[in-house]
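Enquirer: Please read through the structure below; I'll follow up with questions.
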Amino acid sequence: MSVLIVIPARHASTRYPGKPLVDLRGASGQARSLIRRSWDAAMSVSGVDRVVVATDDGRIRDHAQGFGAEVVMTSTTCRNGTERCAEAVANLGLSPEIVVNLQGDAPLTPAWFVEDLVAGLRADPASDVATPVLRCTGRMRADLIADRHAGRVGGTTAVFGHDRQGLYFSKEVIPFASGDFGSDDPSPVFHHVGVYAYRPAALAEYATWDEGTLERLEGLEQLRFLERGRRILCVEVESRGRQFWELNNPEDVSRLEVMMAAMNLD
């Protein structure tokens with residue numbers, strides 16, 4: 001097997017319990033659950049051999065199987081999506097070339113984000129993990145800053161070196177930049193897209209490590225790799241006119257629906 005996509009989904013989210021089953025209405029008014037829209041996004045990616053939903057919750061399992069998804073059950077002890085992906089791969093007994101973690105709260109992830117991510121990891125054998133980053137427009141940067149000022153934990157930002165290796169990821173808006181940017185102008189801030197591509201050995205090893213200090217403070221699973229000295233390749237992706245946001249808080253439902261209406265996405 002070449003590429004396996006795993007969609008980790010749990011019901012007991014701290015910030016938004018039951019999030020995978022929340023309905024989102026598309027441009028035509030059609031309602032589909034968050035996990036269904038994430039599944040649809042995964043199924044649109046080319047060059048993928050298999051897509052599975054990994055969950056520890058019977059409600060999510062039953063709902064996902066109802067729309068035709070393959071589901072693998074995982075334990076309730078998984079602390080994050082990466083651990084859930086590692087357990088899913090082990091439970092399935094698979095040895096793919098690359099495992100993609102398409103987190104179930106990013107239904108607006110275009111197929112080319114994942115395709116570019118896989119290509120980037122294949123082209124850089126020194127990296128254990130790769131993740132997409134999207135340069136923020138002034139509007140996106142302002143939305144991230146507004147969330148933080150309102151006390152909401154919104155999107156994640158990333159900083160990386162000239163070699164595209166990740167230096168840090170944060171739920172704060174980094175790097176700091178004085179002044180304003182036009183709504184459609186590029187800013188120096190990169191939005192971290194919640195997708196990961198792993199080499200299976202690195203994914204399996206991750207699950208054996210204790211939670212890192214920075215990982216715990218930020219609530220960002222990828223920091224465990226950085227704290228262990230592992231390389232995370234940041235693959236810059238292009239929006240191609242598409243808007244992107246993740247569902248982190250209940251307030252994001254209406255934001256995503258407005259975006260889907262503007263992009264005429266059902």
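Enquirer: Which of the following residues is in contact with a Leu (Cβ under 6 Å, 6 or more places away or on another chain), small (Gly, Ala, Ser) and either modelled with pLDDT of 95 or more or open to solvent by less than 10 Å² (accessible area, probe 1.4 Å) (or both): Ala86, Ala119?
Expert: Values: Ala119 fails: in contact with a Leu (Cβ under 6 Å, 6 or more places away or on another chain).
On inspection, the qualifying residue turns out to be Ala86.
Enquirer: Looking only at region 209-254, count every residue that is part of a loop (DSSP other than H, G, I, E, B) and touching a Ser or Thr at 6+ places or on another chain (Cβ under 7 Å) and tell me the total.
Expert: 4
Enquirer: Return the residues of region 12-30 that are open to solvent by less than 40 Å² (accessible area, probe 1.4 Å), without any contact (Cβ under 8 Å) to a residue 60 or more places away in the chain and out of contact with any His (no Cβ under 7 Å at 6 or more places or on another chain); say none if nothing qualifies.
Expert: Ser13, Gly29
Enquirer: Restricting region 191-212 to residues that are surrounded by fewer than 22 Cβ atoms within 10 Å (Cβ to Cβ), touching a Lys or Arg at 6+ places or on another chain (Cβ under 8 Å) and not charged (D, E, K, R), which is farthest from Asn249 (Cα to Cα)?
Expert: Ala202
Enquirer: Which of the residues that make up region 168-183 are charged (D, E, K, R), open to solvent by 40 Å² or more (accessible area, probe 1.4 Å) and closer than 20 Å to Val195 by Cα?
Expert: Within region 168-183, Glu172 is the sole residue that qualifies.
Enquirer: Moving on. Do we have any residue at all in region 1-24 that's among the basic types (Lys, Arg), in a strand (DSSP E or B) and farther than 24 Å from Leu203 by Cα?
Expert: Residues of region 1-24 that are among the basic types (Lys, Arg), as a first pass: 10, 15, 19.
Next, only the ones that are in a strand (DSSP E or B) stay: none.
Among the residues of region 1-24, not one is among the basic types (Lys, Arg), in a strand (DSSP E or B) and farther than 24 Å from Leu203 by Cα, which makes the answer no.
Enquirer: Can you name the number of the only condition in (1) surrounded by 20 or more Cβ atoms within 10 Å (Cβ to Cβ); (2) out of contact with any Gly (no Cβ under 9 Å at 6 or more places or on another chain); (3) of a type outside the set (Lys, Arg); (4) at pLDDT 90 or above that Leu108 fails?
Expert: (4)
Enquirer: Then there's this: Checking Arg135 against (1) charged (D, E, K, R); (2) modelled with pLDDT under 95; (3) open to solvent by 10 Å² or more (accessible area, probe 1.4 Å), which test does it fail?
Expert: In the conditions (1) charged (D, E, K, R); (2) modelled with pLDDT under 95; (3) open to solvent by 10 Å² or more (accessible area, probe 1.4 Å), Arg135 misses (2) alone.
Enquirer: What number of residues within region 144-167 are buried (at least 17 other Cβ atoms within 10 Å of the Cβ) and closer than 21 Å to Phe113 by Cβ?
Expert: 10
Enquirer: Please find, among Leu214, Leu247, the residue that is farther than 24 Å from Pro125 by Cβ, of a type outside the set (Asp, Glu) and modelled with pLDDT under 95. Before you say what the answer is, go through the steps one by one.
Expert: On the way: Leu214 fails: modelled with pLDDT under 95.
Being farther than 24 Å from Pro125 by Cβ, of a type outside the set (Asp, Glu) and modelled with pLDDT under 95 holds for just one of Leu214, Leu247, which is Leu247.
Enquirer: Something else: Which fully enclosed helices (runs of 4 or more DSSP H) of region 60-165 have 1 or more residues being more than 27 Å from Arg242 (Cα to Cα)?
Expert: Working: elements: 81-92, 111-123, 138-149.
Fully inside region 60-165 and qualifying: 81-92.
Enquirer: Something else about it: Could you tell me whether any residue of region 180-191 is of a type in the set (Phe, Trp, Tyr) and either over 16 Å from the mean Cα position of the chain (by Cα) or closer than 13 Å to Arg231 by Cβ (or both)? First the steps, then the outcome.
Expert: Looking only at region 180-191, we keep the residues that are of a type in the set (Phe, Trp, Tyr), and these are 181, 190.
Filter once more, so that each one left must be either over 16 Å from the mean Cα position of the chain (by Cα) or closer than 13 Å to Arg231 by Cβ (or both): 181.
Yes, region 180-191 contains at least one residue that is of a type in the set (Phe, Trp, Tyr) and either over 16 Å from the mean Cα position of the chain (by Cα) or closer than 13 Å to Arg231 by Cβ (or both).
Enquirer: Related question: Give region 40-71 a look and list any residue that's surrounded by fewer than 20 Cβ atoms within 10 Å (Cβ to Cβ) and in contact (Cβ under 8 Å) with a residue 60 or more places away in the chain, or say none.
Expert: Result: Asp40, Ser44, Ser46, Gly47.
Enquirer: Looking only at residues in region 189-208 that are β-branched (Val, Ile, Thr) and assigned to a strand (DSSP E or B), which one is farthest from Trp39 (Cα to Cα)?
Expert: Top of the filtered list is Val189.
Enquirer: Restricting to region 172-188, give me the number of residues that are in contact with a helix residue (DSSP H, G or I) (Cβ under 6 Å, 6 or more places away or on another chain) and not in a strand (DSSP E or B).
Expert: 5
Enquirer: Among the residues of region 73-96, which ones are more than 19 Å from the chain's Cα centre (by Cα) and closer than 18 Å to Met43 by Cα?
Expert: Answer for region 73-96, where residues must be more than 19 Å from the chain's Cα centre (by Cα) and closer than 18 Å to Met43 by Cα: just Pro96.
The values are calculated or read from the model by the stated rules, or taken from the named source; none is laboratory data. These numbers were taken from a predicted model, which means no experiment stands behind them. Every residue, glycine as well, gets a Cβ built from its backbone with ideal geometry; the counts of neighbours run over all protein chains shown. Please note that ligands, DNA and RNA were not included when accessible areas were found on the heavy atoms of the full protein model with its side chains. Shrake-Rupley method; radii C 1.70, N 1.55, O 1.52, S 1.80 Å.
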